[in-house]
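The values are calculated or read from the model by the stated rules, or taken from the named source; none is laboratory data. Remember, predicted model here, so these are calculated numbers, not experimental data. Virtual Cβ from ideal backbone geometry, glycine too; neighbours counted across all protein chains shown. Ligands, DNA and RNA are stripped out before the accessible areas are found, and what is left, the full protein with its side chains, is counted by its heavy atoms. Shrake-Rupley method; radii C 1.70, N 1.55, O 1.52, S 1.80 Å.
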Amino acid sequence: MVHMKPVLKILMVEDSAQDAELIRHQMRKSGIMHEARVTEEADAFKLALAEFQPELILSDFSLPHFSGKDALLLRQELAPDIPFILITGSINEETAVEMMKLGSDDYILKENLTKLGVAIRQVIEKKAIQKEKKAAESKLRILSRAIEQNPASIVITDVRGNIEYVNPRFTELAGYTLQEVQGRNPRVLKSGNKSDGFYKNLWRTILSGKEWRGEFENRNKMGEIYYENTIISPITDENGKITHFLAVKEDITDQKKHQKKYALLAQSLESISECVSITDTEDNIVFVNKSFQRTYGYSEDELMGKSIRMVRPPDIEHLQVREILPRTLEGGWKGEIINKKKDGTLFPVLLSSTTVRDENEKLTALIGVASDITEMIRQREELMEAKARAEENNRLKSALLNNMNHEIRTPMNAIMGFSSLMMDANDQEKVAFANIILNSSNQLLGVIDEMILLSRLQSEKVELVVNALNPSECLRDVFAMFNYGQKEKNLTMKLLIPVELSRLCILSDLTKLKQILTNLLTNAWKFTTSGTIEAGLARIGNQLEFYVRDTGMGIPERERSRIFEAFFRSDYAIAQAIGGSGLGLSISKELVGLLGGELYFTSEEGKGSRFAFTLPIGEGCPGGSTEHETREEMDVMNNFSLLIAEDEHINFRYLEILLKGHLRRIDHAKNGEEAIRMASENHYDMILMDIKMPVMDGIEATKLLKAQFPELRIIAQTAYTLPEETAIIRAAGCDDVLCKPIKKESLLKIFQS
């Protein structure tokens, strides 16, 4: 039942005021509350339609300047939905039919106005029904278009799940038309990855009248997999009975691909060892991987939503604003910076930063990838140090070669020069020249000995010859070699040996101890131009300290860490052309360590240095002092017969001159074979046997001679000085070894022993 409004707005097209009032009266009588406006001209009619907006038009047919037909045609044009009733005093049937065809909803004769109320109600109700039907049809058309044009797949099934309708989007995705799937169950189109239990739960839900939501993996007509997010809803009739099911399915294939891609990306980010952080445009953390958490010491909860500034020291924050951020926004930045861990520890990282932008190139996030490079920097520094050391060693070796060239050529120049001058010199000059040649030879021999000793110390085990010795006598002997020249250099030489240490005995290697003291005193002598050089002994617990103190130039702080390096020579020594190989301190440190002690020093630039080393005192020494005074001359041994086996005639002449006048007989054999023959034919008290000779060497000759004359004393003379070499010589049967070049003192000791 249509309920009329309390007041009905009526537009009357009437030229008679009396007829208009009759119409009003009849409507009031019929109970129709109304508001009426009367017009009789076309323009006024149009204006009333626009302004008054009537809900009903009552029009006379015959008017002086306007007709009911004109009014009806204007209504059809301007307001076709307003009900129109024709009221006329006289009308034939043909006119009535024409008016009805043109759209009039009814017509009333003026003589039958009593029927007006009923006619009005019927027309209003009819229009209302038509309006509702039209609205429903419009909604249906809209709904149909919505379903047909919907971007989601839409499927309607009966209560058994058989397809009754699919929209075009379904056909587009699945590849099946409505005719191909109508009457089939959608389950046959699935890929089969769901269990029976899954479908039972789905049917239980929708049959209970509830909505079901979930994902499906489908297979299209071509066999290709695609994914849909599906909502299935029951459709009920007016009694609430389920008659159909509506499935709305959204294609999420691309989304699933992205999800897999993002999952793989996330897994990769979590798996890599680098520290990955993602921050928003406000520098707040939105993602960190496990490596970041482990490296920086934070949990994920402690980091999420916090500013990335929490891992940057203040100075790095300034760098971030000044350099890193602008470069990152321009396309990317990479470099080394310092970061801070949760416990405050600062550590170096290699950081790469870049931006994330959307499809419109709008900045959405920043990504940082950092690696802890503490170990890398340590290795790099070690490599740089090693490189610097290698370069310095090369420089030092080059300097050493130049220096050795100088050190060798200087005495050689003197030896060769004064040797040539000897031929024309008088007796007095010959003595002076001979001394120069001897000193230069000793200098050259010292350089060679240093090189050989350093090589042995660095490449092999050096054997010790340990005996009981008096350290004070050892120090006095070495000190005496430097004491004679103190006046020439304006130096004061001091030797301080406490009384309680003067007769102390220790077990050590006398040769190596003297070499250490010689090296230390030599350095003090070279680098002290005036003032004092002091050498002495001191007791420190169970250790005996040997020291050498000078008032020389001292050691600059920058050179102190390298003072014991092989080949190292100070800038001062190089600038002042002070001689030396740069090996003395290096050799001394190695020898002190070999003897069980420690070498150390203190120094003040411009004021001097103190070098000292300690040796263990031990529990004392068996017997007395092992040092003997060497007699410079030996008694004439008129009955002593000597055979010198030497292939070099000049070496034989040297020994012959040293011994001439002291022995009864001196014979010369040029090789081992000749030595055996002469020993068999003559009696000799001793043989000086050269080891390296042609025809038969000294080793083989000694073995044969000892087998024939076991009591015959054979002394080896050789340039082989290494311990293993002398061991082979002694094993062959030699009673002693003289090392070339043979000094007079050493030779005399052989005859005195």
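Remarks
- Cross-link reach is defined here as a Cα-Cα straight distance under 23 Å, omitting same-chain residues fewer than 8 places apart; for Lys512 the lysines meeting it are Lys461, Lys494, Lys526, Lys589, Lys740, Lys743, Lys744, Lys749.
- The residues of the stretch 121-205 expose, per residue, 63 Å² of accessible area to a 1.4 Å probe.
- q = 0.15, 0.18 Å⁻¹, the stretch 97-221: log10 I(q)/I(0) [Debye, one scatterer per Cα]: -0.82, -1.07
- Measuring nothing but protein heavy atoms, the accessible surface of the stretch 267-353 at 1.4 Å probe radius is 52 percent carbon and sulfur.
- For the stretch 1-91: rounded, prolate or oblate by the Cα gyration tensor [a/c cutoff 1.5]: oblate
- Difference of contour (0.36 nm per residue) and Cα-Cα distance, Tyr165 to Asp358: 65.5 nm
- Projected onto their three principal axes, the Cα atoms of the stretch 229-384 cover extents of 87, 31, 26 Å, largest first.
- The stretch 633-707: GluC sites (Glu not before Pro) in DSSP coil with no more than 10 other Cβ atoms inside 10 Å: Glu633
- Protection proxy ranking of 135-142, 370-377 - average other beta-carbon atoms within 10 Å, highest first: 370-377, 135-142
- Per residue, the stretch 42-89 exposes an accessible area of 43 Å² to a 1.4 Å probe, with every protein chain left in place.
- Solvent-accessible area, 1.4 Å probe, carbon plus sulfur percent, for the stretch 642-709: 50 percent
- Taking every protein chain into account, the accessible area of the stretch 654-714 amounts to 52 square angstrom per residue (probe 1.4 Å).
- The listed residues Cys505, Cys734, once ranked by accessible area (1.4 Å probe) with the largest placed first, stand as Cys505, Cys734.
- Calculated FRET value between Leu264 and Asn229, using beta carbons and R₀ = 22 Å, to 0.05: 0.55
- Computed in the context of the full set of protein chains, the accessible area of the stretch 109-215 at 1.4 Å probe radius has 53% of its extent on carbon or sulfur.
- Separation of alpha-carbon centers, the stretch 521-559 and the stretch 662-733, rounded to whole Å: 46 Å
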